[in-house]
Every structure is written in C-alpha cells, then in structure tokens.
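Input: a single structure, listed below in structure tokens.
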Amino acid sequence: MKAIVVNGPGDMQLVERPMPEIKEPNQVLVKVHAAGICGSDVHVYHGSNPYAKYPVVLGHEGSGEVIAVGEGVTDLKPGASVVFEPITYCGKCYACRCGHHNVCRELKVLGCIVDGIFQEYVVMPRSQVYEYDASKMTYQQAALCEPFTIGLQANWRGDVRPGDVVLVHGGGPIGLIVANIAKSRGATAIVSEPNESRLAMAKDFGADYSINPMKEDLDAFINKLTDGEGVNVIFEAAGVPALLAHATSQLSPAGRLVAMTFGKEPIPVNFKEINAKELTILGTRHQYQKFPEVVKILPDHLKEVDEITTHVFKAEDFQKAFDTLADRNSGAGKVVLTFA
C-alpha cells in the first residue's frame with residue numbers, strides 16, 4: 001500500500017509499505033478515503049515540531065471505510081464510514097484523572113509521535129474511530145470533523161456564551177471554524193485577518209464583522225463596538241505572539257483569552273491588567289470528547305466545509321498539495337488528499 005512518510009526534516013516521500021493487520025481483538029482495519037493537511041503536518045515536514053519522531057507517516061484529519069474488525073468489536077461492522085480520533089492517552093495520570101486526556105503526560109499524536117493516516121489502510125483501536133451517517137456527508141466532507149473538534153474545544157475552553165462579543169485573530173481554516181462555532185453559540189463574532197481572500201470567507205462563516213488590521217484600527221473598532229468595555233473572548237489563531245501580549249488591553253473585565261498558538265520565545269503579559277480585570281488566560285490543545293458532538297452537528301455546516309475546502313489532490317500529488325498550502329497566493333484554505 002502507499003504511505004506518505006517523512007524520514008527527517010525536509011525529506012518526504014511516497015513509499016510502499018506492507019498492508020497492516022489486525023492483531024488485537026479491539027482493533028479495526030480502515031481504508032482511508034480522505035485526509036486533510038494540517039499546519040502541524042507542515043511543521044513535522046519542515047522539522048519545526050519539537051515533538052515529532054522520525055520516520056513517521058503524516059496525517060491525523062481524515063475519514064475512511066471499515067474493512068474488518070477484531071473479534072472483540074461488536075458495535076461496528078465492515079462497510080461503516082468513520083472518522084479518526086488522533087490522540088491516545090494513558091488514562092492514569094493527573095490530567096487524565098481530571099478529564100483532560102488531551103494533555104496526558106504520555107500523549108501520543110497520530111502523524112507526529114506515531115504513524116498517522118496518510119496511507120491507504122490503517123489499523124486503529126475501536127475507541128479511536130467514530131461512525132457517522134454516510135448519507136449525510138461524503139468522505140471528503142467528513143475529513144473536516146477533526147478541525148471542527150478543535151474549534152469546539154477552543155470555544156469550550158473560552159466558555160463562549162450567548163451575547164458575548166468574540167474576537168478571532170486569524171482567518172485561516174481553524175480561525176474561521178472557531179468563529180463559526182462561536183456564532184452558533186449565540187456570540188457576536190469579529191474576525192481580524194490581513195489576507196483579503198480569507199477575510200472574504202469570514203462572513204460566510206458567520207462573522208458579524210471582518211476587519212483587515214493593516215487597513216483599519218482594530219482597537220478603535222473594538223472600543224466603538226463595545227462602548228469602550230472591550231471584547232469578552234479573544235482567540236489567537238493567527239500565530240502572531242505580539243497579539244497575545246496585546247490582548248489584555250482589548251479584553252473586557254472578566255474576559256477570557258484563548259491562546260491557540262505559541263511562539264518560540266516567552267511572551268510578556270501585563271499582569272496589572274490581568275488582576276485589575278480578573279482576566280482568564282487559557283491554553284487549548286487538541287480536543288477531548290468532542291467527536292460525538294461534531295459528528296452530529298457537521299452535516300449542518302457543510303456549506304462552510306465545502307467553502308473552506310479549496311483544493312483536493314490525489315495522494316500521489318502530495319508534494320503539489322503541500323506546496324499549494326504553503327503558497328500564500330494560492331488562496332488555499334483546507335487542502336485535502338484522497339487515497340481512494
């Protein structure tokens with residue numbers, strides 16, 4: 001079977017590998033049909049992900065068809081359409097015991113620490129696949145379940161409530177999904193993004209306001225919109241550390257800052273503002289138990305799914321797919337590989 005492997009930084013190849021086999025009673029064999037390329041896949045490829053272990057098969061966003069199940073699997077049949085849970089955890093450490101399995105001290109992530117799903121077939125534990133209604137979504141559409149779990153996790157971390165005013169820095173796929181979910185929770189959503197093609201998508205994803213911060217004064221806009229109070233929740237999904245440092249001045253009292261990206265160097269934070277406003281700063285990583293909800297709600301978001309999926313390539317054209325994603329002039333949103 002074909003698999004896309006990164007042997008080391010900058011060395012990515014399409015190789016032939018043996019077909020995987022079910023070896024445990026709780027495992028399932030899945031034929032991968034569609035898989036999205038995430039920014040983290042690019043980081044593993046470039047060597048900028050500190051957790052990556054090489055060689056590794058990339059990929060953690062995707063969907064497929066169950067081909068066979070182990071003898072201990074009784075609630076899933078061959079032919080079922082499924083999406084993949086990309087993390088495994090120990091279930092014993094403090095994080096796992098208090099309901100934060102996504103930051104388990106022994107966390108393993110597909111396509112980074114262990115082999116991922118950029119291959120024609122994979123064997124997974126039954127607990128890491130979720131069945132969905134194939135009559136409501138194509139494989140290509142279902143491949144975006146995982147990015148939507150990230151957006152749902154971030155909104156859960158930020159405790160977005162009806163009536164909140166939310167600012168999303170960054171109009172890439174994750175930023176747009178975060179805004180879309182915030183709007184569905186009853187918030188007023190602002191998307192700040194300097195790329196005009198991405199900014200044009202923001203309103204289709206439910207943004208009430210879309211701002212190019214290179215052309216408009218974002219702080220002045222926030223002050224006017226909120227009568228000087230500030231926004232209630234900020235999501236930093238642009239990957240610009242300076243935005244995190246500045247966020248405390250944009251937040252209202254009792255506001256929340258969800259840091260979805262991180263910098264290589266420590267980021268200064270104004271604790272005077274944090275204490276004066278009693279702000280909450282939250283990290284967010286992967287997701288926990290969000291797949292069941294996303295599998296149910298994603299069919300209601302297919303318009304957004306189709307719009308954000310700008311490019312689809314066959315697995316054999318993986319290099320072109322990665323190059324398209326890296327090209328800022330390509331208009332790329334979510335780039336998907338197909339293996340069928």
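The values are calculated or read from the model by the stated rules, or taken from the named source; none is laboratory data. Bear in mind the structure is a predicted one, so any value in this text is a computation, not a measurement. In this analysis, Cβ positions are derived from the backbone assuming ideal geometry, glycine residues included, and neighbour counts consider all displayed protein chains. Protein only, heavy atoms only, side chains kept; ligands, DNA and RNA dropped before computing areas. Shrake-Rupley method; radii C 1.70, N 1.55, O 1.52, S 1.80 Å.
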Residues located in region 78-112, provided they are surrounded by fewer than 22 Cβ atoms within 10 Å (Cβ to Cβ) and under 12 Å from residue 126 (Cβ atoms): 80
Every residue from region 13-30 that is assigned to a strand (DSSP E or B) and over 22 Å from the mean Cα position of the chain (by Cα): 13, 14, 15, 16, 27, 28, 29
Residue that is modelled with the highest pLDDT, among those in region 226-253 that are open to solvent by 60 Å² or more (accessible area, probe 1.4 Å) and touching a strand residue (DSSP E or B) at 6+ places or on another chain (Cβ under 9 Å): 229
Some residue of region 219-226 being part of a loop (DSSP other than H, G, I, E, B), of a type outside the set (A, V, I, L, M, F, W, C) and over 30 Å from residue 131 (Cα atoms): yes
Residue list for region 186-199, restricted to those being loosely packed, with under 14 Cβ neighbours inside 10 Å and either assigned to a helix (DSSP H, G or I) or touching a helix residue (DSSP H, G or I) at 6+ places or on another chain (Cβ under 9 Å) (or both): 196
Identity of the residue in region 180-198, free of Cβ contacts under 8 Å to residues at least 40 places away in the same chain and not polar (S, T, N, Q), that ends up nearest to residue 288 (Cα to Cα): 181
Residue within region 156-178 that is within 28 Å of residue 30 (Cβ to Cβ), surrounded by 24 or more Cβ atoms within 10 Å (Cβ to Cβ) and among the aromatic types (Phe, Trp, Tyr) present: no
Identity of the residue in region 277-302, more than 22 Å from residue 130 (Cα to Cα) and of a type in the set (D, E, K, R), that ends up most open to solvent (accessible area, probe 1.4 Å): 278
Filter result for the condition that a residue is assigned to a loop (DSSP other than H, G, I, E, B), modelled with pLDDT of 95 or more and closer than 19 Å to residue 50 by Cβ, over 116, 79: 116
Every pair of residues 6+ apart whose Cβ atoms lie under 7 Å, when the first sits in region 305-330 and is open to solvent by 80 Å² or more (accessible area, probe 1.4 Å) while the second is not in a helix (DSSP H, G or I): 314/338; 316/14; 320/313
